[in-house]
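Here is the structure we will look at, set down as C-alpha cells.
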Amino acid sequence: MIDYLIRRLLYALPLLLGINLLTFLLFFVVNTPDDMARMHLGQKHVTAEAVAKWKHERGYDQPLFWNEGGGGAERITRTIFYQKSLGLFLFRFGRSDAGSDIGADIAQRMWPSLAIAVPSLLAGLAVDISLALLLVFFRLTYLEFWGGTLCVALMSISTLFYIIGGQFLIGKLLRLTPISGYDDGWNAIRFVILPVAIGVIAGIGSGVRWYRTLFLEEVEKDYVRTARAKGLSETRVLFTHILKNAMIPILTGVVVVLPLLFTGSLITESFFAIPGLGSYTIDAINQQDFAIVRSMVFLGSVLYIIGLLLTDISYTLVDPRVRLS
Amino acid sequence: MPVLLPTDSLFILMLFGLGILLWRSLRQEHLRRPWRRVARNRAAMVSAVILLTYLFIALLDSIRIPASAAANGGASEAAAFIGEPVTLLDLALERLRGGQEKTYSAPLAVYAHAREMTRLPDGREIWANPRLRFGGGQLAHPEAEHGRDLFRLASHGLLAGLGVWLACLGLAALAVRPGRAGRLASLLAAWRGDTLPPWRAMALTVLMICLTVGLMGGLSQGYHVLGTGKVGEDVLYQGLKSIRTGVLIGTLTTVATLPLALVLGILAGYFRGWVDDLIQYLYTTLNSIPGVLLIAASMLVMQSYMARHEAEFASLATRADFRLLALCLILGLTSWTGLCRLLRAETLKLREMEYVQAARALGVGHGMILWRHILPNLFHLVLISVALDFSSLVLAEAVLSYVNIGVDPATESWGNMINSARLEMAREPIVWWSLATAFVFMFALVLPANLFADAVRDAFDPRRIE
C-alpha cells in the first residue's frame, strides 16, 4: 500500500511538471510579458519605458529559461521560469499583477468557497441518490418513464437560469433569504442556504440520471436475483445490496472532486457575491490578471491529481477485494 | 456572389461532411440496423425534426451576401448603413431588424416600457409611456384597436403556417413510394401512426413548427412579438440570430476534437509502446487541468493575440468571427481527451481481433489496416460522443459568455442575452422577456439534442443492446 502510494506520487511528478510547463508556455511564450504589460497599460499610447517599468515591478523583465548575464546557479535561478513557475511546486504563488499576495488571498478565500461547496456536495449526493433509488424502485412503471423524462428536461436548462430564477423567486419575490452576499462566522448560514439549494436543484437532472444508470447496472446482476429469491423485500435489496455494491462507481465520481471543493464554483460564487476562490478567479479573468489565473490553474491541477490518489485509497476502504500494489 | 467568413465555410463544409457520413452509414447494413432503432424511437425522431429546423436556420444565417447587393435587392436602409455583408436570415427578417425602438418595450406592446416626459401638441407636458415607433405604429387608436389587430395578424399568420404545412404534406404525399398495397394504403398507415419512422408524429411536429413560425411571422408584421431590449433591438431577432452561434459552437467544436482524438487515440491503441505512453501522458496532463480554467487561460492568451494584431481584425464581423472560431478550437482542444481515451481502449481491443490479425498475417500495411479495419469500427463511439457533447457545448457557451470568456460581446448569443438580461431583472417593473426568450430558444434546442443523443447512444452502444 505504502509502496503503491509512493509510486503514484512519483508518477504525479512528471504530470505536474507537464502542467507547469504548459501553463508557462501559454502565459509567457505564446503571450509575452510585453503583451501583458500592454493589456494592462493600454494598447495605444504607451511608452517603452512604461512597459519596462511594469515588467520590472513584477519581475517579468528576466530571460525565460537561461540567464546569460548571471554567474553560476543564477543563470537558472534568475529566470522567469524558475522564479514564477517552479515556485508553484512549493505553493509559492508570489504576487498578483495588481500587487497582492496570492498565497494569503487563497488561504483567506478558500473558507467561503468550502462553506458553499461542501453542503452543496453533501445535499446533492443525498437528494440525487435517493431520487435515483426511487426511480429504480419504480422501474418499468410510468413513474420511471416520466421521472426520466423530467430529468432530461431539467438537464436541458442552463445553470444560469436556475440561479437567476432562484434568486428572483426566493430572494426577491418571497424574500426568504438575501439575494447575494456573505458574512463571517455563523451569520453566513442565511447567505449559504440559497446557493446550496440552487446548486442541488440544478444538479438533479444529470445527477439522478447518472446514479440511476449505476444502480440499473447492478439490478441485472446475479446476487440481486439471489437476494430476491431468498425472499428479501425490494427495499431491503435496494438499500442494502444494490446501494452497497454501487458504492465503488459512486466513490469514483465523488472522491475525485473532494479536493477541488477548495476552489469553489466560478458561476455560483460570482452570482451570489461570495468572496471565495471561484469569484477570485473570475475577477482575475476579467481583470486579466495572469499571475492569479496561472496560480489557480496549477492549484486546480494539483488538487485534481490528489483527488485521483484519494480515489484509489478509498477503493481499498470500501471494497476489501481491491488491493493496491 | 456570397461572402464567406471562416466559420461560415467551415460550418457548411461540416454539414456536407455530416451528410456524406450519414448517407454512407445508411448504406451499410450493420449501421443501418442501429439507425432503424433510432427511427423507432418517437421522441428521437420528433427531436430530429426540431434539430434540423435549428440547423436550417443556422445555415441560412451562414450564407452572406455583400451589403450593396442586399441594399439594391431589398432596398434596406439598415444594411447599407452598417456596410457589412448580411445573411439570408437577415434578409428574411428585414422587418424585425429595421424596426428599432428607443429602449425597452414589452412583448406585443404599443407603448414603451418606461415612462418619460412627452410634450403634447397643445404644449402641455405629461409623464406617460410614449407610443412605440414600430410596434403598433399602424394603429390610430391603440386602446380600441389593439386586441382586434393582434387577432387579425395572428390568425393570418396561423392560416399561412397551416397553408405551408398542407402544401408540404401534399408534396410529401406525392413523393410517397407506393407500397405493395398502393399509395393510399401507405398514406393511411402513416395516418394511423404505424409506420417505422413515425411519420405522423414527425408531420405533427412540422405542423407545430409551421404554426409557431406563422404566428410569430404574422404578429411581427406590426409588433415586436417578444418585446425589445435595452437599445430597442427586437428580442425575437436576437434569439433567432443566436441560433447560429449556439449551433456552431455545438458542431464546429467537434471538428477540432475529432481529428485529434481519432489520430492520437488510434495511434496509441494500435502501436502501443512509447507512442502509447507519450499520448497517454499528454491527455492525462491536459485532463488534470480544470476545464474552465484551461479555457479561460487560452481565451486570455487569444485576446492578447488579437490585441497585438489589431490591424488584421479591422471589421467588427471578422473580429467576432475570429473569436467564435477560436472559442470552438479552444473548446475542442480542451475536450478531446475523453473521446481519445475511449478510442484508444477500443483500438486496443480491435487490434487483437481475428480479422485484424489475419490482415496482418497476409502482409497488409499498417496504414491500410488502420483505414479499412480499425477506423470504420470506431464509428459508433465517435457518433455517440459527438451527439452527447452537442448539448453540453450549447450550455457551456452561455456560461462562458457570462464569465466574459465566451463569444464576442457583439455576437448575438444566448449567453450574451442572459448576461445582459440578468441586470434587467432588478428593474422595476421587471423586464423578463429577454431572459424568457433565451430560455425558450435554448431549451428548445438542448432538450431535443439530449433526447436524440440518448436514442443514438442506446442504439449504437453495443453494451446497451439486449
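Any residue in segment A:99-122 that is more than 14 Å from chain B (Cβ to nearest Cβ) and more than 27 Å from A:I274 (Cβ to Cβ)? No: segment A:99-122 contains no residue that is more than 14 Å from chain B (Cβ to nearest Cβ) and more than 27 Å from A:I274 (Cβ to Cβ).
Within segment B:431-448, is even one residue of a type outside the set (D, E) and not in a helix (DSSP H, G or I)? Yes, there is a match, as at least one residue in segment B:431-448 is of a type outside the set (D, E) and not in a helix (DSSP H, G or I).
If you scan segment A:283-302, which residues turn out to be surrounded by fewer than 21 Cβ atoms within 10 Å (Cβ to Cβ) and among the aliphatic types (A, V, I, L, M)?
Scanning segment A:283-302 gives a single hit, A:V302.
Determine if segment B:343-360 includes at least one residue that is away from every other protein chain (no Cβ under 14 Å), under 21 Å from the mean Cα position of the chain (by Cα) and either in a helix (DSSP H, G or I) or farther than 21 Å from B:T251 by Cα (or both). No, segment B:343-360 contains no residue that is away from every other protein chain (no Cβ under 14 Å), under 21 Å from the mean Cα position of the chain (by Cα) and either in a helix (DSSP H, G or I) or farther than 21 Å from B:T251 by Cα (or both).
Selection within segment B:286-330: residues that are more than 16 Å from B:P6 (Cβ to Cβ) and more than 9 Å from chain A (Cβ to nearest Cβ). The member of this set that is surrounded by the most Cβ atoms within 10 Å (Cβ to Cβ) is B:I295.
Looking at the structure I just gave you, is B:A449 of a type in the set (G, A, S), under 17 Å from B:L52 (Cα atoms) and either surrounded by 23 or more Cβ atoms within 10 Å (Cβ to Cβ) or out of contact with any Cys (no Cβ under 9 Å at 6 or more places or on another chain) (or both)? Considered against the rule, which asks whether it is of a type in the set (G, A, S), under 17 Å from B:L52 (Cα atoms) and either surrounded by 23 or more Cβ atoms within 10 Å (Cβ to Cβ) or out of contact with any Cys (no Cβ under 9 Å at 6 or more places or on another chain) (or both), B:A449 comes out as yes. Set side by side, the residues B:L445, B:L393 differ, and just one is more than 9 Å from chain A (Cβ to nearest Cβ) and in contact with a helix residue (DSSP H, G or I) (Cβ under 6 Å, 6 or more places away or on another chain), which is B:L393.
Listed here are the residues, each with its yes/no results for (1) touching a residue at least 12 places away in the same chain (Cβ under 8 Å); (2) in a helix (DSSP H, G or I); (3) of a type outside the set (V, I, T).
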{"position": "B:Y237", "(1), (2), (3)": "yes, yes, yes"}
{"position": "B:I266", "(1), (2), (3)": "yes, yes, no"}
{"position": "B:V275", "(1), (2), (3)": "no, yes, no"}
{"position": "B:Y283", "(1), (2), (3)": "yes, yes, yes"}
{"position": "B:A307", "(1), (2), (3)": "no, yes, yes"}
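In this entry, B:V292 passes the filter for residues that are of a type outside the set (G, A, S), in a helix (DSSP H, G or I) and at pLDDT below 85. Inspect all residues belonging to segment A:179-197 and state whether any of them is under 19 Å from A:S279 (Cα atoms) and within 14 Å of another protein chain (Cβ to nearest Cβ). Yes - at least one qualifying residue is present in segment A:179-197. What do you reckon, is B:L207 assigned to a helix (DSSP H, G or I) and either modelled with pLDDT under 85 or surrounded by 18 or more Cβ atoms within 10 Å (Cβ to Cβ) (or both)? Here the answer is no, as B:L207 does not meet what is asked.
In this structure, does A:G307 turn out to be surrounded by fewer than 22 Cβ atoms within 10 Å (Cβ to Cβ), within 14 Å of chain B (Cβ to nearest Cβ) and of a type in the set (G, A, S)? It is true that A:G307 is surrounded by fewer than 22 Cβ atoms within 10 Å (Cβ to Cβ), within 14 Å of chain B (Cβ to nearest Cβ) and of a type in the set (G, A, S).
Under the condition of being over 22 Å from B:G227 (Cα atoms), polar (S, T, N, Q) and surrounded by 20 or more Cβ atoms within 10 Å (Cβ to Cβ), the residues counted in segment B:401-446 number 1. When B:S413 is tested against the conditions (1) at the interface with chain A (Cβ under 10 Å from one of its Cβ atoms); (2) in contact with a helix residue (DSSP H, G or I) (Cβ under 6 Å, 6 or more places away or on another chain); (3) among the hydroxyl-bearing types (S, T, Y), the lone failure is (1).
Within segment A:143-161, which residues are surrounded by fewer than 18 Cβ atoms within 10 Å (Cβ to Cβ), more than 7 Å from chain B (Cβ to nearest Cβ) and closer than 23 Å to B:G246 by Cβ? Break it down into steps so the answer makes sense when it comes.
Within segment A:143-161, the first condition is being surrounded by fewer than 18 Cβ atoms within 10 Å (Cβ to Cβ), and the residues that meet it are A:143-146, A:148-150, A:153.
Next cut, more than 7 Å from chain B (Cβ to nearest Cβ) only: A:143-146, A:148-150.
If the condition is that a residue be surrounded by fewer than 18 Cβ atoms within 10 Å (Cβ to Cβ), more than 7 Å from chain B (Cβ to nearest Cβ) and closer than 23 Å to B:G246 by Cβ, then A:T149 is the only one that fits.
When residues in segment A:218-257 are screened for being within 14 Å of chain B (Cβ to nearest Cβ) and not in a helix (DSSP H, G or I), 1 of them pass.
With respect to A:A188, determine if the residue is surrounded by 15 or more Cβ atoms within 10 Å (Cβ to Cβ), modelled with pLDDT under 85, in a helix (DSSP H, G or I) and among the small types (G, A, S).
Yes, satisfied.
Within segment B:211-223, residues that are farther than 12 Å from B:L159 by Cα and at pLDDT 85 or above have Cβ atoms under 8 Å from residues that are surrounded by fewer than 18 Cβ atoms within 10 Å (Cβ to Cβ) and hydroxyl-bearing (S, T, Y) in no pair, counting only partners at least 6 apart in sequence or on another chain. Taking first residues from segment A:289-302 that are more than 8 Å from every other protein chain (Cβ to nearest Cβ) and partners that are of a type in the set (K, R) and buried (at least 24 other Cβ atoms within 10 Å of the Cβ), the Cβ contacts under 9 Å between residues at least 6 apart in sequence or on separate chains come to A:A291/A:K84.
Would you be able to say whether some residue in segment B:313-323 is free of Cβ contacts under 8 Å to residues at least 24 places away in the same chain and not in a loop (DSSP other than H, G, I, E, B)? Among the residues of segment B:313-323, at least one is free of Cβ contacts under 8 Å to residues at least 24 places away in the same chain and not in a loop (DSSP other than H, G, I, E, B), which makes the answer yes.
Please verify whether segment A:1-12 includes one or more residues that are at the interface with chain B (Cβ under 8 Å from one of its Cβ atoms) and part of a helix (DSSP H, G or I). No, every residue in segment A:1-12 fails to be at the interface with chain B (Cβ under 8 Å from one of its Cβ atoms) and part of a helix (DSSP H, G or I). The residues listed here are B:I374, B:I369, B:I279; of these, the one that is at pLDDT 90 or above and within 14 Å of another protein chain (Cβ to nearest Cβ) is B:I279.
Considering the conditions (1) within 11 Å of chain A (Cβ to nearest Cβ); (2) modelled with pLDDT of 85 or more; (3) over 13 Å from the mean Cα position of the chain (by Cα), B:A459 is excluded by exactly one of them, (1).
Annotation: A:L140 fulfils all but one of (1) farther than 26 Å from B:L388 by Cα; (2) surrounded by fewer than 18 Cβ atoms within 10 Å (Cβ to Cβ); the unmet one is (1). Between a first residue in segment A:259-287 that is within 11 Å of chain B (Cβ to nearest Cβ) and touching a residue at least 12 places away in the same chain (Cβ under 8 Å) and a second residue that is of a type in the set (S, T, Y) and not in a helix (DSSP H, G or I), which pairs have beta carbons less than 7 Å apart while being 6 or more apart in sequence or on different chains? Final answer for the pair search is A:F271/A:S180; A:G278/A:S265.
The values are calculated or read from the model by the stated rules, or taken from the named source; none is laboratory data. Note that this is a predicted model, so its numbers are computed, not measured. Because the Cβ atoms are built from the backbone with ideal geometry, glycine has one as well, and the counts that use them run over all protein chains shown.
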